[in-house]
Ligand code: G3P
Ligand code: CA
């Protein structure tokens, strides 16, 4: 039976503020196979890890990431919104994350957050950072924006890429492949046997977001999804162990 890989979504983001070192550290201790991170660019074009284009929701600042220099954005408190216990958390750069991640025995999903703002050259900057850290072979680069997927494919056709989508369409596997994606990252409501078989017949891994309920985890494990993204990786690992024991 295929083992569904568990990616900690923005780190262990139910337990610690998303996309901070605290959340990544907990993810690495949870037994998860991988970590998913979101990348945006500062004004001085430094890749930083934050989900929203605006810093308001997850920091004590206001305004857009692209209006902040690295020096300025680093001063923000990225943890107190979650709990005062995390008031020392700051926004993490891609570079800091990759230094920490490199020696870990884990896989990585870098999501390029280009669906609202098309940051110039973000694809090349992220690709170069992954090359510098020798992480390309265990990374999949994903985006909701097909231009970003295509750009990564054009930079290096050997890189694992994923088209992220929550929209149903005819022959999604073929569509994704034609646009330079080697895998598909879908919202859970799109998941069914037919799509999964269609993708697997085309050698296209399918990973599903965001899976926090045990019943959805079971469904993904049972159908043989290639990966899930979850805010509760420790629970997903526990349910997967139980599922494997029951289905040996
Ligand atoms: O990469 C899967 C998932 O993270 C995509 O949605 O909005 O959580 O970044 P979002
Ligand atoms: Ca994401």
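We did not get these values from a lab; they are worked out from the coordinates using the rules stated. This structure is a prediction, so every number in the text was calculated from the model and none was measured. Cβ placement follows ideal geometry from the backbone for every residue including glycine, while neighbour counts extend to all protein chains displayed.
Side notes on the structure shown:
- Full-stretch length increase - residue 241, residue 44 - with 0.36 nm per residue and alpha-carbon distance subtracted: 66.4 nm
- Where only DSSP H runs of four or more residues are counted, the chain gives -9500 deg cm²/dmol as its mean residue ellipticity at 222 nm, each run worth -39500 (n - 2.57).
- Where labels lie 7 Å past Cα in the beta-carbon direction, separation of residue 64 and residue 154 in nm: 2.3
- If R0 is taken as 22 Å, the Cβ-Cβ distance between residue 104 and residue 132 corresponds to a FRET efficiency of 0.85.
- Helix 146-155 axis versus longest C-alpha principal axis of the chain: approximately 90°, rounded to the nearest ten.
- Modelled label positions at residue 178 and residue 2, each set 7 Å beyond Cα in the direction of Cβ, lie 2.4 nm from each other.
- Axis of helix 122-132 versus longest Cα principal axis of the chain: the two differ by about 80°, to the nearest ten degrees.
- Degrees, to the nearest 10: 233-246 long Cα axis against longest axis of the chain: 10
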